[in-house]
1. Need one number: nm distance between label points at Glu72 and Leu255, each 7 Å from Cα along Cα→Cβ, rounded to one decimal.
2. Going by a ≥ b ≥ c, the root eigenvalues of the Cα gyration tensor, does region 161-276 fall in the rounded group (a/c under 1.5), the prolate group (a/b larger than b/c) or the oblate group?
3. Once you put a point 7 Å from the Cα of Ile141 and another 7 Å from the Cα of Ala236, both along the Cβ direction, what distance in nm separates them?
4. Can you tell me the length gained on complete extension of the stretch Gln115 to Leu91, counting 0.36 nm per residue apart and subtracting the Cα distance?
5. Please give me the summed charge of the neighbours of Asp204: other residues whose Cβ is under 13 Å from its Cβ, Lys and Arg +1, Asp and Glu -1.
6. Would you mind working out the magnitude of the charge dipole of region 53-207 relative to its Cα centre, with +1 at each Lys and Arg C-beta and -1 at each Asp and Glu C-beta, to the nearest 20 Debye?
7. What nm value, rounded to one decimal, do you get for the distance between Phe108 and Asp55 when each label is placed 7 Å out toward the C-beta?
8. At q = 0.13, 0.16 Å⁻¹, what is the log10 ratio I(q)/I(0) for region 3-250, with the Debye formula run over Cα points and no solvent?
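Just so it is clear, none of the values below were taken in a lab; they were calculated from the coordinates. Worth saying up front: this structure is predicted, and the values here are computed from it rather than measured. Virtual Cβ from ideal backbone geometry, glycine too; neighbours counted across all protein chains shown.
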Amino acid sequence: MRTWFITGVSTGLGRALAEAALAAGDAVVGTLRQEDERAAFAAIAPGRSHGVLLDVTDEAAIAPAVDRIEAEIGAIDVLVNNAGYGHEGVLEESTLADLRRQFEVNVFGVVAVTQAVLPHMRRRRAGRILNITSMGGIITIPGISFYHGSKFALEGISEALGKEVKHLGIHVTAVEPGGFRTDWAGRSMVRAPRAIGDYDEVMDPIRERRIKMSGHQTGDPAKAAQAMLQLVAMDAPPFHLLLGSDAWRLVHEKLDALNADFDAWKDLTFSTDVVE
């Protein structure tokens, strides 16, 4: 039986993964921010489902919470950094406070939780870390630049961390979902007010389509959860795992476009080398 520590299990992919791990007979410690939600989660599988009140932006509370889990519930075998949200807004219409909040949750919170768990995994020379990033950590869409920035950052952190800890028996995977039928584009999305008419042509259709598509995306959260169960069972898991056919298609289109750009400007790129 594995013990999972999953941040953000109230809804979405985090909840689907927690339920799948419990159904498989594992123990799950999930973070929530409301007492009623914590109690409801603990009641799913008494003795194996453990709810913890924790906000990943409360840095001082994270390490003590992890230490209590290790001492009272058991060794954390799998850490899933899932807690996060999307910020939608044209960059010029959004605030620096919006950007800081986006990074506090999506990046700094992930790093703080990981830093608290790593000493325990390192001591045991074993552990799995899944960082739920997004296809939006590789591709970009107008109107969610702050979100993309946070996920691009998490992609880099995840990949580098994986190289730092692999020799210690700890495997890190950046899990990159496409569009899934969660509330990410619904109530979980923070939307900046529109104010500058020059952006209407670009922004309005994208915002309308995102709202309309919420709940009708390609991806099935339950199937994503099963894929992640398979992932943690692998002896040699990948550094990156795309989830969803839309993610695969859009990321490959991005890679093709990048290679075309790099090749087109190869001569200018090479012109900056020192010639002996």
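1. 4.5
2. Since a/c reaches 1.5 but b/c is at least a/b, the shape of region 161-276 is classed as oblate.
3. Inter-label distance under the simple model: 3.5 nm.
4. Length difference between fully extended and current span is 5.6 nm.
5. 0
6. Here region 53-207 has a charge dipole of around 740 debye.
7. 1.2
8. -0.79, -1.19
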